[in-house]
There are 2 protein chains.
Amino acid sequence: MTDDDATRHGTDGDVWAVVMAGGQGTRFWPLSRAAHPKQLLPLGGGEESLLRATLRRIADLVPPERALVVTSAALREATLRELPELPPENVLCEPVGRNTAPCVGWAAATVARRDPHGVLAVLAADHHIGDEAGYLDVVRRATEVARGGALVTVGIRPTRPETGYGYLELGEALPIAASAPGPGAGAARRVARFVEKPDRARAEEFVRSGRFLWNSGMFFFRADAVLAELRTHLPELAAGLRALDAAAACGREAEEVARVYPSLPAVSIDVGLMEKAADVAVVPGDFGWSDVGSWTTAWELAAKDAAGNAAPEGAVLVDARDNLARARAGKVVALVGVSGLVVVDTDDALLVMPRERAQDVRLVVEALRARGATDKL
Amino acid sequence: MTDDDATRHGTDGDVWAVVMAGGQGTRFWPLSRAAHPKQLLPLGGGEESLLRATLRRIADLVPPERALVVTSAALREATLRELPELPPENVLCEPVGRNTAPCVGWAAATVARRDPHGVLAVLAADHHIGDEAGYLDVVRRATEVARGGALVTVGIRPTRPETGYGYLELGEALPIAASAPGPGAGAARRVARFVEKPDRARAEEFVRSGRFLWNSGMFFFRADAVLAELRTHLPELAAGLRALDAAAACGREAEEVARVYPSLPAVSIDVGLMEKAADVAVVPGDFGWSDVGSWTTAWELAAKDAAGNAAPEGAVLVDARDNLARARAGKVVALVGVSGLVVVDTDDALLVMPRERAQDVRLVVEALRARGATDKL
């Protein structure tokens, strides 16, 4: 590394971002489509897509040449259009979705080949972060802990008894001495246990106890550390990854991915690895995190007028409150006497629903799929 | 008249339809536009435009050559496209709207020139009729009374204390013997008085009394009779019509219309003539009349599913009740958990409102006009 590189990347030249961007985001229909899913949409309140925001936020730590995006083959071109600065070989295209463990494993194998000492920062492509400085502080801290060999997750201080997230219980403080946490980060701790989506009563108990955090789905680990753990806990996956390494060595990785990937175990990295591994740590964070899970979240994040409406330029609003409206530029949206609605218009589809029904968009998508209206999906 | 003519037109060969079709129908925005107003839209529940339905309903009585349509110059081509069977000279184009008295007067003068014994049936282009046989019966009866020289209106038995309509009070029975009324028609009566749109309390009193009918805005009179009354009660208008007659005699009517029309008194035929004339009669009718005044009426008239939704083919409806949705063919409209909404989508505008706010569409149109968005009007 030259002095210039050291200046540019600080001491973080070993950090590789792995952005998981294969989701379809059916909950944002009709704006999200198979060919233009959630992560490519500007759902975080501004003009920027969620995917672009994900890489921009860590740009101080990770330049494009150390950012990998894992997505589906169908989304390769759209992803590169959205991130033209990304080297094309940094887009890993899954021939078929097999949940997150194969995705993370493949990315770890790829990083290990390019940088044996590399540290992965596994990020979702569809999160929104309110306090970006606080977030970066937590990321830096998590990578620091990961350099010691632990598998590290980031836990979010819960603000409500959410039943849609996984939780993790805080264990003892880490024995290793680490730098003092910044304002958005707590001291790193062991993870006592992971809990899948709880029911309402348990979620309320978790929040009350102060000992539970939301599992953010961000993970930090050395490539060699996570590959070693995969060999122990997901040997089939590890074997598949070895086959990819061998193929890559003779320039035939793409063909091998097509052959091997569909048979890899379809399990999440949480369940398949994090819950089983011994050396698992959590860095608590509190930086305005949102998983942008539905149109409700999109409304919460959007810029709104004094009456709570997030509507396109030129909208005509008469006695309208707390609505989210989306339409192409130049189309007039007129809302009269309605409140709390989500109105999303595209060229070939229109959705109208109360915000609290946002989860039921999937019912619409299912109905369209059932009738074979693939052009609307 | 030949025997063939008599067979073809029955004894009604003197009846001329005059269809007033100049309205803009801003209450049906965004579907109705300046260049494509209410009367050209299929708002009566089927595929047929309100204008076309108006002429079809009386086709047994009035062939296209005796149908005049009065509209604006801007709508001439659209009107002829909608009614290709109409002789082009039967479309009278007002250079500027001057309310209904000049419109009726010009039509009466036109009929008088072509058929001195002609009887006018003045009809609105934007009404819906549920019982078309009953309607025709009333029309026949009204023309019969009109042949005796009276100015005749059709009064609708009120079904609710509507404050948006004019009312008329029934007077004594007509002294002339007329054929027995059919099932949809009551015996012709004098009109005791006309009452402009009443307040709620008066409207309730009117309905309770049984002596008041809604003024339907349909009028029947001999051309010579109405022209004579205009000379008495609207002499300025009568003078203008004489000027048009003189110009027409030398083939220069269009130029004279352009010159004279803007200065004619802008008054309604109700206020300017019917309320003042001595020999005014009413034929009561009860034939499922609706003035198709708003999106609320359009929902009432539309074909609906079991849950009360009138939605385009292919709509996805989840827990949706009593909604009216309109969109171009092929566009998917998804309504989730909403009820009583009006959702009208066009290529360049989208309206969402509760049905009971239908009157407030004009506020949207006013807002667009105020900001100079003429392409949306």
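Which of the numbered conditions does A:Arg242 fail, given that it passes all the others? Conditions: (1) within 21 Å of the chain's Cα centre (by Cα); (2) assigned to a helix (DSSP H, G or I). Going through (1) within 21 Å of the chain's Cα centre (by Cα); (2) assigned to a helix (DSSP H, G or I) one by one, A:Arg242 breaks only (1). Contact annotation: residue pairs with Cβ atoms under 8 Å, 6 or more positions apart or on different chains, pairing a residue in the stretch B:343-361 that is closer than 11 Å to B:Ala325 by Cβ and within 7 Å of another protein chain (Cβ to nearest Cβ) with a partner that is of a type in the set (Phe, Trp, Tyr) and crowded, with 20+ Cβ neighbours inside 10 Å, are B:Leu351/B:Trp29. Do we have any residue at all in the stretch B:330-338 that's in contact (Cβ under 8 Å) with a residue 24 or more places away in the chain and at the interface with chain A (Cβ under 10 Å from one of its Cβ atoms)? Yes.
How about the stretch A:197-216: which of its residues are part of a strand (DSSP E or B) and among the hydroxyl-bearing types (Ser, Thr, Tyr)? A:Ser216, the sole residue that qualifies.
Being more than 9 Å from chain A (Cβ to nearest Cβ) and assigned to a loop (DSSP other than H, G, I, E, B) is the filter here, so list the residues in the stretch B:362-377 that pass it. Within the stretch B:362-377, B:Gly372, B:Leu377 meet the criteria. Are any residues in the stretch A:263-280 within 22 Å of the chain's Cα centre (by Cα), open to solvent by 10 Å² or more (accessible area, probe 1.4 Å) and farther than 29 Å from A:Arg140 by Cα, and if so, which ones? The answer is A:Pro265, A:Ala266.
Quick one: is B:Phe219 in a strand (DSSP E or B) and either crowded, with 17+ Cβ neighbours inside 10 Å or touching a Phe, Trp or Tyr at 6+ places or on another chain (Cβ under 9 Å) (or both)? For B:Phe219, the condition - in a strand (DSSP E or B) and either crowded, with 17+ Cβ neighbours inside 10 Å or touching a Phe, Trp or Tyr at 6+ places or on another chain (Cβ under 9 Å) (or both) - is met. B:Ser339 meets each of the listed conditions (1) open to solvent by 50 Å² or more (accessible area, probe 1.4 Å); (2) more than 22 Å from A:Val365 (Cα to Cα); (3) of a type in the set (Gly, Ala, Ser) apart from (2). Taking the stretch B:1-32 on its own, how many of its residues are in contact with a helix residue (DSSP H, G or I) (Cβ under 8 Å, 6 or more places away or on another chain) and modelled with pLDDT of 75 or more? Total meeting the criteria: 19. Regarding the stretch A:241-250, can at least one residue be identified that is closer than 27 Å to A:Asp126 by Cα and either out of contact with any strand residue (DSSP E or B) (no Cβ under 6 Å at 6 or more places or on another chain) or not aliphatic (A, V, I, L, M) (or both)? Scanning the stretch A:241-250 turns up at least one residue that is closer than 27 Å to A:Asp126 by Cα and either out of contact with any strand residue (DSSP E or B) (no Cβ under 6 Å at 6 or more places or on another chain) or not aliphatic (A, V, I, L, M) (or both).
Out of everything in the stretch A:304-319 that is aliphatic (A, V, I, L, M) and surrounded by fewer than 19 Cβ atoms within 10 Å (Cβ to Cβ), what residue ends up being nearest to the other protein chains (Cβ to nearest Cβ)? The qualifying residue nearest to the other protein chains (Cβ to nearest Cβ) is A:Val318.
The single condition among (1) within 14 Å of chain A (Cβ to nearest Cβ); (2) buried (at least 20 other Cβ atoms within 10 Å of the Cβ); (3) of a type in the set (S, T, N, Q) that B:Thr71 does not satisfy is (1).
Which one of B:Pro95, B:Pro102, B:Pro64 is under 18 Å from the mean Cα position of the chain (by Cα) and within 20 Å of B:Gly240 (Cα to Cα)? Within the list B:Pro95, B:Pro102, B:Pro64, the selection yields B:Pro102. If you check B:Ala187, B:Ala173, B:Ala178, B:Ala258 for being at pLDDT below 95, touching a Pro at 6+ places or on another chain (Cβ under 7 Å) and open to solvent by 30 Å² or more (accessible area, probe 1.4 Å), only one passes: B:Ala187. Candidates A:Glu229, A:Glu253: the one that is within 20 Å of A:Arg147 (Cβ to Cβ) and among the charged types (D, E, K, R) is A:Glu229.
Taking the conditions exactly as written (surrounded by fewer than 17 Cβ atoms within 10 Å (Cβ to Cβ) and at negative phi), does B:Arg52 satisfy them or not? No: the conditions fail for B:Arg52. Does A:Asp270 meet the test of being part of a helix (DSSP H, G or I) and at pLDDT below 95? Yes; evaluated as a whole, the condition is true for this residue.
The set of residues in the stretch B:92-132 that are open to solvent by less than 10 Å² (accessible area, probe 1.4 Å) and β-branched (Val, Ile, Thr) comprises B:Val104, B:Thr110, B:Val111, B:Val119, B:Val122, B:Ile129. Could you say whether any residue in the stretch B:281-303 is farther than 30 Å from B:Val145 by Cβ, within 14 Å of chain A (Cβ to nearest Cβ), open to solvent by less than 20 Å² (accessible area, probe 1.4 Å) and in a helix (DSSP H, G or I)? Yes, that holds for at least one residue.
The values are calculated or read from the model by the stated rules, or taken from the named source; none is laboratory data. Computed from a predicted structure; not experimentally measured. Quick reminder, even Gly has a Cβ in these numbers, built from the backbone with ideal geometry, and neighbours come from all protein chains shown. Calculation scope for accessible area: heavy atoms of the full protein, side chains included, ligands and nucleic acids excluded. Shrake-Rupley method; radii C 1.70, N 1.55, O 1.52, S 1.80 Å.
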